[in-house]
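Asks: My questions will all concern the structure given below.
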Amino acid sequence: MAMLVMATVGAAGHPLPKPLRVCADPNNLPFSNDQRAGFENRIASLLAHDMGTTVEFSWRPQIRGFVRKGLKAGACDVYMGVPVAFGPLLTTAPYYRSTYVMVYRAKGPVHVRSLDDSALRSLRVGVHMIGDDYQNTPPAQALASRGMTDNVRGYQIVDDYSKPNPQARIIEALERGEIDIAIVWGPFAGYFARRSPTPLTIVPVSPAKDTSGQLFAFDIAMGLRRTDTTLARTLDTLLARERPAIHRILTDYGVPLDSAQVSSDSIHGE
Amino acid sequence: MLPPGSKEGDWTIPGHDYGSTRYSELDKITTTNVAQLKESWSYTTGIADGHEGQPLVVGGRMYVVTPYPNKLVAFDLSKPGPAKLWEYTPPIDQTAFGKACCDDVNRGASYSGGNIIYNVLDNATVAVNAITGKQVWRTKLADPSQGSTMTMAPLVAKGKVYVGNSGGEMGVRGWLTALNAKTGKIIWQAFNTGPDSEMKIGSTFKPFYASMKPANMGVTSWRGDQWKLGGATVWGWVTYDPESNLVFYGTANPGTWNPELRPGDNLYSTSAMARDADTGELKWAYQYTPHDAWDYDGVNEHIVADIPFNGAIRKVVVHFDRNGFAYTIDRVTGEVLVAQPFQYLNWATGVDLTSGRPTLVEEKQTHQGHMTTNICPSSTGARDQQPAAFSPRTHLFYTPATNLCMDYGGIEAKYIAGTPYVGAAVKMYGGPGGNRGEFLAWDAGTGKKVWGIKENFPVWAGALVTAGDVVFYGTMDGDFKAVNATNGEVLWKTHFNSGIVGNPITFLGPDGNQYVAVYEGVGGWAGAIVPGNLSTDDPFAALGAVNAMKDLPEHTKAGGALHVFVLP
């Protein structure tokens, strides 16, 4: 792709309006779905518009093997929403920063503020299971390191894809009273809490950094093939220019934004 | 023992015979003439993906199951090859393609009652008429949208098709299912975790070791309801012993939970399972790696053999485990007779034959966020599913092996389904000696290596041994070799453009000649990096494997073909 872009720039003097080709999950709100109703869909469209082109989505569940089978196979040029320094990819400058959060029923007896709150030990805690051998979310590991396993219940992050928003099962379990508290990635919590018939309280996971060095907040960027530096530079420029508009989109979806400043330094090139 | 009605010159089930010895009585190819072997014909499948498993030969025809989209291709062996007869394309749910763990592989078919029976990635077992290529029945066993896939080769015995599921990484709960070979109807299904009733554990369950005797260990050896996402899938091989009427298989790692999150033995993950072939009742079980912390799946085959042990012939199953130990187990009682390392390992100092448990080395345990260095073998295992062979002439087992170690620890950014997290960084590298693989001959009665051939890359192809005392195997950098079964002398080799991760077979052609066939097409877990320059996003496995295998693309490339050899 980088070579193609360079070639067209060289020939015509300015980039031809090639579509911005984005790999996206067809069923993963609030991030994306095949109705283009997610915030990543909207951010991608915004950037494509700025490039004078349109966005072309390639739909594939973002689960094990998705980089090899999507971006590597040439189905797209960009993944939205990957953590900065995500191993297999070149990443742009981050365009937002969110955090894992604790979610519980607003009108219930739970008022937990910290992973170190002893009240947590007597609650039924739900966490997402990642779905790769022996890799789990930071809260799951943090609970285990505090000796909490009996009261922790796992929900597959990659649950039944034949149903809408499979990642929302854990929030539904909270609404039903199957668990007392869910500790999940902020964007899920912010989005589904707004739509929940049950009022829910959301607080960032604290402490922000665990004693093991485990982090709960992440800078989020766009991911590209390692060779696509030209496209990465273009996107970096647009992400900086559109920061206010992107912030508005994220706020619309209830994404809890971490107070720490998003780094403006692009880390590609390593 | 061959299935009733099978001819010695055919190859009708995955492992040649019920016990999966991969030993053929054919003896026209010998140690003295094998050097003259020439390619007779080849066929390009058009799919550049890992070609695991093996073709079948039945009644003058050959059958090939391709990787996804799992086409079945039939050839007429009475004509100069490749004489393609027909191609069957199964209906397939494309969502399965994104779900398979390590590559979109298929490990082959079984023949029974006029049908070729195999599993499609989207969890359907299909039976196809071997003459017409028309589908006879199709049974959907699970929904791929929930993470399950099927990659293993079914075994057909006593009119039943034994199949198992993949997808332990997705929190799938493992099972073995028996289908009616004529109709595809489910006869029984037995889970590998959970309450005794769902595991088909009853009064006839007699495990040899005390730790497995209490009731409902499939529940109580987990915390809470973790067994529901317990993994212990069945993506390896099933074998059968007609005399004891037992089917044997191994179970995969305990599902998605980190070791620290799932205290307990986590039964019956990483275990040998022996079930009554008719009823599915569990007769005995033995767990290889209690509370697995290294991804040492126990799915490798259990070869049924009668071998000398302490001066008497014993009826055993022999199993080369991912954890680096080779086990010789009394197949009726489940008693472990021998457990010795067949590759270098350091996570345990040995296996205590009184308790049946490995003696762990505490500093080689893995903990997320903590650095554990130099764990051997790596999570690819000292051997993966690629099956061994057993010759009743030499009484030796011939097995591929992997010699990789790993550092587990550090933290790196990962993500899935929109969710970022930090996980362990796994770095793999060659083990002691620097060779990353070996092909070796093993005496399972004494637990000793008889000879070994060091290989640059892990040996990810299966073995074949014949009455001509020739052993065949392939390498990931594309060499197909014939060696002397007695001493390991390399007698012949040829080279393919793409590496070999399939299992060689031999058969008698309609012209009376003995042929040897094998797939080329590198892939599977350790080979998955070859088709592209990007590392995969599989955090524990392939990312780590990329380090150990980074020079593989210099030695081989992606491909997919069948090669057939014969003496001139």
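Asks: Out of A:L235, A:L215, I need the residue that is of a type in the set (A, V, I, L, M) and open to solvent by less than 10 Å² (accessible area, probe 1.4 Å). Which one?
Replies: Sole residue among the options that is of a type in the set (A, V, I, L, M) and open to solvent by less than 10 Å² (accessible area, probe 1.4 Å): A:L235.
Asks: When you go through A:P94, A:P88 one by one, which is the residue that is open to solvent by less than 10 Å² (accessible area, probe 1.4 Å), in a loop (DSSP other than H, G, I, E, B) and at the interface with chain B (Cβ under 10 Å from one of its Cβ atoms)?
Replies: A:P88
Asks: Can you give me the number of residues within the stretch A:42-56 that are surrounded by fewer than 23 Cβ atoms within 10 Å (Cβ to Cβ) and not in a loop (DSSP other than H, G, I, E, B)?
Replies: The qualifying residues number 8.
Asks: Let me ask you something else. Which is under 21 Å from B:S166 (Cα atoms) and at pLDDT below 95, of B:G250, B:G218, B:G230, B:G224?
Replies: Result: B:G230 is the single residue among B:G250, B:G218, B:G230, B:G224 that is under 21 Å from B:S166 (Cα atoms) and at pLDDT below 95.
Asks: Could you tell me which residue of the stretch A:71-84 is most open to solvent (accessible area, probe 1.4 Å), considering only residues that are within 30 Å of A:I181 (Cβ to Cβ) and either facing chain B (nearest Cβ under 8 Å) or out of contact with any helix residue (DSSP H, G or I) (no Cβ under 8 Å at 6 or more places or on another chain) (or both)? Quick ask: steps written out before the conclusion?
Replies: Just the residues of the stretch A:71-84 that are within 30 Å of A:I181 (Cβ to Cβ), to begin with: A:80-84.
Next, from what is left, pick out any that are either facing chain B (nearest Cβ under 8 Å) or out of contact with any helix residue (DSSP H, G or I) (no Cβ under 8 Å at 6 or more places or on another chain) (or both): A:81-84.
Values: A:G81: 6, A:V82: 0, A:P83: 2, A:V84: 34 Å².
Among those that are within 30 Å of A:I181 (Cβ to Cβ) and either facing chain B (nearest Cβ under 8 Å) or out of contact with any helix residue (DSSP H, G or I) (no Cβ under 8 Å at 6 or more places or on another chain) (or both), it is A:V84.
Asks: Taking B:V219 as meeting all but one of (1) surrounded by 23 or more Cβ atoms within 10 Å (Cβ to Cβ); (2) closer than 28 Å to A:D160 by Cβ; (3) in contact with a Phe, Trp or Tyr (Cβ under 7 Å, 6 or more places away or on another chain), write down the number of the exception.
Replies: In the conditions (1) surrounded by 23 or more Cβ atoms within 10 Å (Cβ to Cβ); (2) closer than 28 Å to A:D160 by Cβ; (3) in contact with a Phe, Trp or Tyr (Cβ under 7 Å, 6 or more places away or on another chain), B:V219 misses (1) alone.
Asks: Additional query: Identify all residues within the stretch A:172-229 that are hydroxyl-bearing (S, T, Y), touching a helix residue (DSSP H, G or I) at 6+ places or on another chain (Cβ under 9 Å), assigned to a loop (DSSP other than H, G, I, E, B) and more than 12 Å from chain B (Cβ to nearest Cβ); write none if there are none.
Replies: Selection gives A:S196, A:T198.
Asks: Right, A:V127: facing another protein chain (nearest Cβ under 10 Å), in contact (Cβ under 8 Å) with a residue 40 or more places away in the chain and in a strand (DSSP E or B) or not? Spell out the reasoning first.
Replies: Details: facing another protein chain (nearest Cβ under 10 Å): yes; in contact (Cβ under 8 Å) with a residue 40 or more places away in the chain: yes; in a strand (DSSP E or B): yes.
Answer is yes for this residue.
Asks: A further question follows. I'd like the full set of residues that are within 7 Å of chain B (Cβ to nearest Cβ) and either in contact (Cβ under 8 Å) with a residue 40 or more places away in the chain or under 18 Å from the mean Cα position of the chain (by Cα) (or both), limited to the stretch A:53-70. Steps first, please.
Replies: So the first thing to find is which residues in the stretch A:53-70 are within 7 Å of chain B (Cβ to nearest Cβ), and the list is A:60-69.
A:R60, A:P61, A:Q62, A:I63, A:R64, A:G65, A:F66, A:V67, listed by residue number.
Yes/no per residue for (1) within 20 Å of A:L200 (Cβ to Cβ); (2) open to solvent by less than 20 Å² (accessible area, probe 1.4 Å):
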site: A:P109; (1), (2): yes, no
site: A:V112; (1), (2): yes, yes
site: A:R124; (1), (2): yes, no
site: A:T137; (1), (2): yes, yes
site: A:T149; (1), (2): no, yes
site: A:S162; (1), (2): no, no
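Asks: Output yes when any residue across the stretch B:439-452 is assigned to a strand (DSSP E or B), open to solvent by 10 Å² or more (accessible area, probe 1.4 Å) and touching a residue at least 60 places away in the same chain (Cβ under 8 Å), and no when none is.
Replies: yes
Results for (1) charged (D, E, K, R); (2) at pLDDT 95 or above; (3) touching an Asp or Glu at 6+ places or on another chain (Cβ under 6 Å); (4) under 13 Å from B:A382 (Cβ atoms), shown as yes or no for each residue.
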{"residue": "B:G423", "(1), (2), (3), (4)": "no, no, no, no"}
{"residue": "B:D443", "(1), (2), (3), (4)": "yes, yes, no, no"}
{"residue": "B:G447", "(1), (2), (3), (4)": "no, yes, no, no"}
{"residue": "B:G452", "(1), (2), (3), (4)": "no, yes, yes, yes"}
{"residue": "B:A463", "(1), (2), (3), (4)": "no, yes, no, no"}
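Asks: Now a separate question. May I ask you to verify whether B:S203 is more than 23 Å from A:E178 (Cα to Cα), open to solvent by 10 Å² or more (accessible area, probe 1.4 Å), hydroxyl-bearing (S, T, Y) and not in a loop (DSSP other than H, G, I, E, B)? It would help to see each step written out before you state the result.
Replies: Details: more than 23 Å from A:E178 (Cα to Cα): yes; open to solvent by 10 Å² or more (accessible area, probe 1.4 Å): yes; hydroxyl-bearing (S, T, Y): yes; not in a loop (DSSP other than H, G, I, E, B): no.
Answer is no for this residue.
Asks: I would also like to ask the following. Based on this model, can you work out whether A:A140 counts as on the phi < 0 side of the Ramachandran plot, in a helix (DSSP H, G or I) and either polar (S, T, N, Q) or more than 8 Å from chain B (Cβ to nearest Cβ) (or both)?
Replies: Here the answer is no, as A:A140 does not meet what is asked.
Asks: Condition test on B:G488, is it surrounded by fewer than 20 Cβ atoms within 10 Å (Cβ to Cβ) and part of a loop (DSSP other than H, G, I, E, B)?
Replies: Taking the combined requirement at face value, the residue satisfies it.
Asks: Same structure, new question: Inside the stretch B:53-76, can you point out the residues that are out of contact with any Phe, Trp or Tyr (no Cβ under 8 Å at 6 or more places or on another chain) and touching a residue at least 60 places away in the same chain (Cβ under 8 Å)?
Replies: Scanning the stretch B:53-76 gives B:G59, B:G60, B:T66, B:P67.
Asks: Need at least 1 residues that are open to solvent by 10 Å² or more (accessible area, probe 1.4 Å) and modelled with pLDDT of 65 or more per element, so show me which helices (runs of 4 or more DSSP H) inside the stretch B:515-568 make the cut, counting only ones lying wholly within it.
Replies: Result: B:542-548, B:552-555.
Asks: Further question: From the set of residues in the stretch B:400-427 that are hydroxyl-bearing (S, T, Y) and under 23 Å from B:D292 (Cα atoms), which is farthest from the other protein chains (Cβ to nearest Cβ)?
Replies: Looking at residues that are hydroxyl-bearing (S, T, Y) and under 23 Å from B:D292 (Cα atoms), I get B:T402.
The values are calculated or read from the model by the stated rules, or taken from the named source; none is laboratory data. If you're wondering where the values come from, they're calculated on a predicted model, not measured in any experiment. No Cβ is skipped: glycine too gets one built from the backbone with ideal geometry, and neighbour counts run over all protein chains shown. For the accessible areas, the whole protein counts, side chains as well, though only heavy atoms, and no ligand, DNA or RNA atoms are used. Shrake-Rupley method; radii C 1.70, N 1.55, O 1.52, S 1.80 Å.
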